[in-house]
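To start, the structure under review is shown below, and the notes come after it.
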Amino acid sequence: MEIKFADSFWKSLKVLARHQTWWYKTYEVFRYKIPMFFKNIWYFRKQLWAFRSWDYSFNLDMFARSLEKTAHTLEFYGNEIDSTRMKKVKKIKRVIELIKNLNESTYISIAESELGELKNLGGWLNDKEDTEEERSHNKKVYDRANEIEKMEYNELWSILKGQNIDEFHERYKSLSDEEKMKYDHWEEWYDGSGINSWWD
């Protein structure tokens, strides 16, 4: 059997070789990299303006903003099949929501929506002592808020970490050859988590 390379293969090699030349790299800087630099400055302008180095919330804010762009690109311009691509988009949007909740400390409000509003918070201004019932209720709200915060914090890092791929391999090995041919087991197992899979 004779093996031949198509013309497109040689053209691709020429393009790759051209991209390594000094003149193309210079062209690339002015044509692509400098415009992208200014687009990025504009896109991250609010986060850059507010950024401070003393608190991790600023890091998370920058990260969430970058994920908004990634989610949009995957959702509207991604080449991957919908069944797995849209799972990624959903998880990315959830991470953005979790970061927003962390940065805005919305946990008291969430707990209040579940258990009722905090009671007699202005009591110290009008010398009205909290009743035992009010103190008990407020403690439940604060405890629930802390619980939600811990749950969401753990969920955030769990999504970023992703699933254990060894579990998929073990599951796949246990199937018969006939079962392996029936449908795409990866699509069923994969839930969209794992930052290392958020690319197209």
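The values are calculated or read from the model by the stated rules, or taken from the named source; none is laboratory data. What you see is a predicted model, and the numbers here were worked out from it, not measured in a lab. Backbone-built Cβ (ideal geometry, glycine too); neighbour counts: all protein chains shown.
Tabulated values for the structure
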| read-out | value |
| --- | --- |
| Residue pairs meeting the criteria (Cβ under 6 Å; at least 6 apart or on separate chains; first more than 17 Å from K150 (Cβ to Cβ) and touching a residue at least 12 places away in the same chain (Cβ under 8 Å), in the stretch 81-107; second among the charged types (D, E, K, R) and in a helix (DSSP H, G or I)) | S83/E187; T84/E187; V89/E75 |
| Among (1) on the phi > 0 side of the Ramachandran plot; (2) surrounded by 16 or more Cβ atoms within 10 Å (Cβ to Cβ), the one test that S105 misses | (2) |
| Qualifying residues in the stretch 1-36 (those that are surrounded by 11 or more Cβ atoms within 10 Å (Cβ to Cβ) and among the aromatic types (F, W, Y)) - the one modelled with the highest pLDDT | Y27 |
| Enumeration of residues in the stretch 110-135 that are at pLDDT below 90 and among the hydroxyl-bearing types (S, T, Y) | T131 |
| Odd one out for L118 among (1) touching a residue at least 12 places away in the same chain (Cβ under 8 Å); (2) in contact with a helix residue (DSSP H, G or I) (Cβ under 9 Å, 6 or more places away or on another chain); (3) within 30 Å of E68 (Cα to Cα) | (3) |
